[in-house]
Amino acid sequence: MHKICCLILLTLFTYASHSQTPNQENDSTKVKNDSLNKREFLKQLGNGFYPTKILNIDLKYLVKYNQYEGLRTGLGGETNDGFSKKYSIDSYVVYGFKDHRFKYKIGGGFRVSESTSTWINLSYTDDLQETGSSTFLTDKRFFSFFEPRLLNIDLFHKHITKAVTLEHKFSNHLLSEMELAVSKIDPTYEYLFNVNGESFGNFDVSTAKIALQWSPFSDFEVDKGKVNETKNGYPKFTLQFTQSYRDVLNGDFNFFKTDFRTIHRFRYNEDVFTEAILTSGIATGQTPLTHLYHAYPNNITKETILQRFSVAGINSFETMYFNEFFSDRYATLQLKHFVKPFKITERYRPQLVLISRFALGDMQDIERHENISFGTLSKGYSEAGFELNKLLLGFGLSFAYRYGGYHLPSIADNIAAKFTFNVSL
């Protein structure tokens, strides 16, 4: 199957490159459009795409690294309006040099309604997913030139997922997405999920999801038939429901999940603001560890502070160790206060960010998860710290301290010191 995906991508790349022939336009038209083209190019690049005439090459698949795959590299892309305004292809293929395995996705879609941006998409994916991670269907594409948490993740599960999704825009402020999917799940670690005396080392999951994203205070405008967000208003709200069905398309378990997130910014002036992110989730029924929650930890289990020195995440708990906690119900609150940048020179302006993070969680029937040990967040987890960003070439420093119910006996084990990395186009 990965050979088919490679063939599709190579064909698209070849056609895209040959399509970059100069248009026979007059010089004045070219000059007039230069600034617009450059601005659009930088916007696409900032979103993680290198645009060509018919294909946006996906930069996030070029180079990555994690503890299970080692170096992970490949190609990916999605077609743009130059290919078709009614049909799309979205695929990738990557290879892990440590696990010696190809992963890929073959996907495509077609537009049902232009006025409501209604699309139906189909996909086949054979890849890895971090155990305990939870994402929203309606999340806009997130791209970072460097993904720090990925370097130290070692708890993955393989999944082969067939999915059909429906995207629909009720209004510019309210977006929705629905998904029906069947997945074959195979953890890469020793794990058994015990349900009514039967232990599952691998299993099938059949799910239905619906997600809503509401941005009531954002402003939008239509440009060339496309809706663009001109004012990034706050607060924003995202809600998602997931139902897994047993005995439907070979599904092994019944469980239900509700996920919620709200983001708000309290802006005091152009440079100073406080960002608050509240995230919560609850899973009921026969939910395997793969589909439960962690709180996005980002600390590796090493003896000294210097051995744990790595790169800080964006919204992760820097003092929480990987695989230390899992929950079937949880809530996190992250507060970041951005201080006015220090004006050393016109271009050199480091910025101090004060940070507080809190997490609370618990788990029922913890004994069902066999061959793996972890704690819960029932006593409440707290950390505080600061970042000093953009000290040199986008790099900065981060310090965090773990206190409260899960404070560790050794002072050094509660401290996390790391790099930060911030680049914007």
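Every number in this text was worked out from the coordinates using simple rules, so none of it is lab data. The structure presented is a predicted model; accordingly, all values stated were derived computationally and were not measured. When we count neighbours, we look across all protein chains shown, and the Cβ atoms used for this are built from the backbone with ideal geometry, even at glycine.
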Q) Under the Kirkwood approximation for Rh and a Cα-based Rg, what ratio Rg/Rh is obtained for the chain? A) 0.96
Q) When the Kirkwood hydrodynamic radius is evaluated over all pairs of different C-alpha atoms of segment 328-378, what value in angstrom, to one decimal, is obtained? A) 14.6 Å
(Q) One quarter of the convex hull surface, Cα atoms only: what value does that give for segment 102-225 in nm²? (A) 10.7 nm²
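Would you kindly calculate the mean projected area, averaged across all directions, of the convex hull enclosing the Cα atoms of segment 152-299, in square nanometres?
Values: hull surface 48.8 nm².
Projected area, direction-averaged: 12.2 nm².
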Q.
Given the DSSP H assignment, sum -39500 (n - 2.57) over each helix run of at least 4 residues in the chain and divide by its residue total; what's the result at 222 nm in deg cm²/dmol, nearest 500?
A. -3000 deg cm²/dmol
(Q) Over 30 Å between Cα atoms: which of LYS209/LYS236; LYS38/LYS60; LYS169/LYS390 fall into that group? (A) LYS169/LYS390
Q) Which residues make up the longest stretch of the chain that has no GluC sites (Glu not before Pro) in a DSSP loop with at most 14 other Cβ atoms within 10 Å? A) 26-113
**Q.** Convex hull (Cα only) mean projected area of segment 263-319, reported in nm² to one decimal
**A.** 6.4 nm²
(Q) Under 8 Å for C-alpha pairs, at least 6 residues apart: give me the relative contact order for the chain, rounded to a whole percent. (A) 10 percent
Q: In a Gaussian network model over the chain where Cα atoms closer than 10 Å are linked, find which of LYS336, LYS38, LYS86 has the largest mean-square fluctuation.
A: LYS38
Q. Quick one: if the Förster radius is 25 Å, what FRET efficiency do SER356 and PHE273 give, using the C-beta to C-beta distance and rounding to 0.05?
A. 0.95
Q: Determine, from the Cβ-Cβ distance of ARG349 and TYR124 and an R0 of 60 Å, the FRET efficiency 1/(1 + (r/R0)^6), rounded to the nearest 0.05.
A: 0.80
Q: Starting from the Cα of ALA208, step 7 Å along the direction of its Cβ; do the same at GLU370; then give the gap between the two resulting points in nm.
A: 3.2 nm
Q: Multiply the residue gap between SER199 and ARG265 by 0.36 nm, knock off their C-alpha separation, and tell me the result in nm, one decimal place.
A: 19.2 nm
